[in-house]
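Here is the structure we will look at, set down as structure tokens.
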Amino acid sequence: MKKINNKIPRSLALATVVLATAATSQAAVLATWDVWDSGSADSTTSGFTAMIAGFDTIRSDRGIADGTFGNDLAGASSGDTRSAAYRGTSSNVMTLTLTNGTASAYSIDSLHFDFGVRTNEPNSFTANYTSGGLGPAPTLLDTQTSLAQQNSTNGNLFQFDYNLSSSLADTILAAGESAVFTVDFSFDTGSGSSLSLIDNVALQGTAVPEPSSAALLGLGGLALILRRRR
Ligand SMILES: [Ca+2]
Ligand SMILES: [Ca+2]
């Protein structure tokens, strides 16, 4: 009797380890924008494509060089001086489109960006999940109003990090699906003498693990152990 009791917990522990190993998947940086050669992401996780459209122009002298995407995600350049720029008088909606061209579903975990307010230019915005494979669409992620002007060059400006699971019921982007996020800027006195800036944009996500043969074996083993125990 004593022997059996000693063996059962060890077998259960082993099955649990097998299950846990099969279910573990690491967060990945899916797309980043810092250098702004174009609206295309600087880099993406293999198989993803990502584009930002709608900016007024790409600046060459006012990047936000704090080295972080938003505040929470390291890895942005501390030397790059480019950013996407927005005037209230022309295009004032940033449209970010992420497409999952891999064979796996991914959970889209977080959106990060830095925002710098310039004289007489957009100082308010709403951040939205707008359309695509997540849901529900549309979903308001955040509203910011009357942010202070920050006219220092290359400073550490406003930083935003959004945990998408706190706003979206469905954060799973299936293979082949796209997701569109928008940041809608507002307020402008009309002088148009400078530009508000977006820089250090990133999306983070996690591959959804397929039920692997190891996990199925683990489940089978667990069922067998539980049956024996009765
Ligand atoms: Ca930059
Ligand atoms: Ca930052």
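The values are calculated or read from the model by the stated rules, or taken from the named source; none is laboratory data. Predicted, not measured: the structure shown is a model, and the values here were computed from it. Counting neighbours? That spans all protein chains shown, and the Cβs are built from the backbone with ideal geometry, glycine included.
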Query raised in the report: Restricting the search to segment 103-125, which residues are at pLDDT 95 or above, crowded, with 17+ Cβ neighbours inside 10 Å and among the polar types (S, T, N, Q)?
Result: S107, S110
Query raised in the report: Do we have any residue at all in segment 85-95 that's modelled with pLDDT under 90 and among the charged types (D, E, K, R)?
Result: yes
Requested in this report: All but one of (1) in contact (Cβ under 8 Å) with a residue 40 or more places away in the chain; (2) β-branched (V, I, T); (3) more than 11 Å from ligand 1 (Cβ to nearest atom) hold for T44, so report the exception by its number.
Outcome: (1)
Query raised in the report: Is it true that T130 is within 14 Å of D184 (Cα to Cα), at pLDDT 95 or above and in contact with a Phe, Trp or Tyr (Cβ under 6 Å, 6 or more places away or on another chain)?
Result: no
Query raised in the report: If you scan segment 133-149, which residues turn out to be modelled with pLDDT of 95 or more and β-branched (V, I, T)?
Result: T139, T143
Report summary line: Taking segment 40-68 and the residues there that are more than 14 Å from L197 (Cα to Cα) and in contact with a Phe, Trp or Tyr (Cβ under 7 Å, 6 or more places away or on another chain), the one that is farthest from ligand 2 (Cβ to nearest atom) would be A41
